1. When only C-alpha pairs under 8 Å and at least 6 residues apart count, what is the relative contact order of the chain, in percent?
2. If you wrap a convex hull around the Cα atoms of the chain, how much volume per residue is inside, in Å³?
3. Determine, for Trp159, Trp380, the number of other Cβ atoms within 10 Å of each Cβ, and report the residues in order from fewest to most.
4. Ignoring everything except DSSP H segments at least 4 long, calculate the 222 nm mean residue ellipticity for the chain; use -39,500 (n - 2.57) per segment, divide by total residues, nearest 500.
5. With a cut-off of 8 Å between alpha carbons and a minimum separation of six or more residues, what is the relative contact order of the range 68-210 in percent?
6. What FRET efficiency comes out for the pair Ala290/Glu470, r = Cβ-Cβ distance, R0 = 30 Å, nearest 0.05?
7. Restricting the count to DSSP beta bridges whose residues both fall in the chain, what percent are antiparallel, rounded to a multiple of 5?
8. So, with +1 on the Cβ of K and R and -1 on the Cβ of D and E, and no other charges, what is the size of the charge dipole of the range 304-516 about its Cα centre, to the nearest 20 debye?
Amino acid sequence: MDILLTPVQPAHCRHWWPLLLIAILTACAAPALQQDAERMAPSYAEPPASTGLLAEAAATIAEQHGPSHSGFYLLDGSHESLSWRLALIDSAVSSLDILTYLWYPDITGNLILERAMLAANRGVRVRLVIDDLMTMGQDQILADIRSHPNIELRLFNPWGKRNLGSRAGEAIAEMERLNKRMHDKLIIADGHGTILGGRNIGDHYFGLNSSYNFHDLDVLAVGPIANDANDMFDHFWNSEWLVSAEYLTTQADAEKAAAAWQRMIEKNRDAAELESFAREPKDWSDDVEALLSRLEPGTGHLIYDEVSAAEVNQSMITHMFNLFDRAETELLITNAYIIPGEFGIEFLRSLTERGVDVRILTNSLASHDVPAVNSHYEKWRKPLIEAGVSLYEFRADPEIQATIDVPPTSGKFTGLHTKAAVIDHKLVFVGSMNLDPRSASINTEMGAIIESAGLAARLRELMLRDMRGENAWQVTLSESGRLVWVNSDETLNSQPTRGFLQNVMNVIFKAVPKEQF
């Protein structure tokens with residue numbers, strides 16, 4: 001449908017206020033949400049499917065490890081991350097729930113939408129929750145999707161006005177409300193299989209963008225943790241922060257939708273970037289059977305910021321500090337966007353002083369897609385090191401780029417988007433939570449805490465790989481107290497960068513309050 005749910009933007013739209021200038025310049029008549037949109041009647045996830053490939057996989061895990069255990073598999077490479085999303089969608093027999101922050105109108109977005117709609121065509125109940133931040137100009141598409149008898153679509157914290165020009169005034173009048181966004185990412189199939197982590201739906205997250213791609217991480221889980229994911233999805237689905245797409249004043253157009261559907265199918269079939277993916281739904285039985293031997297058994301649960309009628313109840317930052325505080329010997333953190341503040345520094349110092357080996361990997365300015373975050377992070381480099389933390393920053397040209405880019409695509413540079421941690425070789429966190437003010441006090445965030453020695457060992461292996469000099473700079477202090485960046489190829493006395501413009505942006509964004517990032 002030449003789709004999708006957001007216009008093309010920089011891959012991680014963490015702040016939206018610059019759009020106001022564009023809005024003023026592009027004002028025009030536009031549709032809106034109906035003023036009389038009513039509170040939607042509560043509805044809930046389907047019971048876990050009793051048949052189907054995923055039900056059989058969950059039963060095997062329960063038989064082997066007990067009914068409280070799920071099987072977990074880390075999705076590190078871009079290709080397998082997209083492939084396993086397609087596997088869940090294609091294998092669903094009763095229900096498919098997708099909740100996401102961004103859904104891009106690109107190759108990946110079109111492919112996932114096509115497969116979700118094909119699932120609906122074969123009778124699967126499909127529920128979609130999308131943050132409404134960047135859906136300008138997409139109301140016709142949203143209305144057409146919502147008109148499918150097996151698809152329900154709801155928007156998180158929607159704009160009342162639906163075009164940029166009208167949104168300028170609305171943003172000024174309701175900035176505090178509209179600044180709160182749903183940053184969570186989750187897919188659940190048949191109540192048995194789920195994927196959660198850092199990836200939005202878009203080419204940058206799956207190695208299919210020729211400008212740059214993200215090194216990111218998800219966890220695929222089969223078993224009872226999917227029921228926990230259903231509970232989280234239902235919490236948002238029935239909250240007053242969501243409005244059904246049926247309340248858009250734009251009406252579905254069956255003729256145009258059919259034509260757009262055909263164009264989307266043709267584009268997906270012709271996309272050279274998808275040559276290594278299954279372009280049509282397939283039987284994933286062999287893949288799932290092979291997966292079962294690679295799943296790490298463990299127990300886990302989801303943590304997330306809940307929403308009430310009036311507010312977002314920010315609990316994730318407390319969950320994160322409580323989790324990190326459980327470390328007795330080692331804490332490894334990979335997090336794309338870090339602004340620790342004085343409290344964070346003193347907390348980490350307390351860990352290292354009691355003997356915990358703390359190692360942190362984050363973005364360098366060179367690998368950053370959001371220089372504004374670096375603007376407010378950079379002053380904390382020295383305090384982090386002085387607190388006893390071993391600090392690493394991701395390279396824009398990592399050796400592991402071969403696992404990030406999916407041939408024939410080759411990005412010009414690579415950025416870090418992972419949010420993960422390993423505690424004492426036994427506890428794992430994977431989710432959407434950045435360690436910065438926006439994630440702590442504005443957005444809704446989520447993640448999974450998993451107790452599994454096998455999964456922890458695998459994640460630890462990946463994190464230490466990413467911290468090696470072939471993939472990252474270690475940031476240290478010279479004898480004179482100056483910052484030094486060292487990797488496998490060179491040593492620098494100033495932060496690595498991709499060029500002059502990055503340095504300029506890094507300076508400019510120091511004027512923007514850090515609380516917005």
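1. This gives 19 percent for the chain.
2. Normalising the Cα hull of the chain by residue number yields 142 Å³.
3. With the sparsest Cβ surroundings first, the list reads Trp380, Trp159.
4. Rounded to the nearest 500, it is -10000 deg cm²/dmol.
5. Relative CO of the range 68-210 lands at 35 percent.
6. The formula returns an efficiency of 0.55 here.
7. Once the DSSP bridges in the chain are tallied, antiparallel ones form about 65 percent.
8. For the range 304-516, the charge dipole is close to 340 debye.
Each reported figure results from applying straightforward, stated rules to the coordinates on display, with no laboratory input. Fair warning: this is a prediction, and the values are worked out from it, not measured in the lab. Here Cβ is always computed from backbone atoms with ideal geometry, including for glycine, and neighbour counts include all displayed protein chains.
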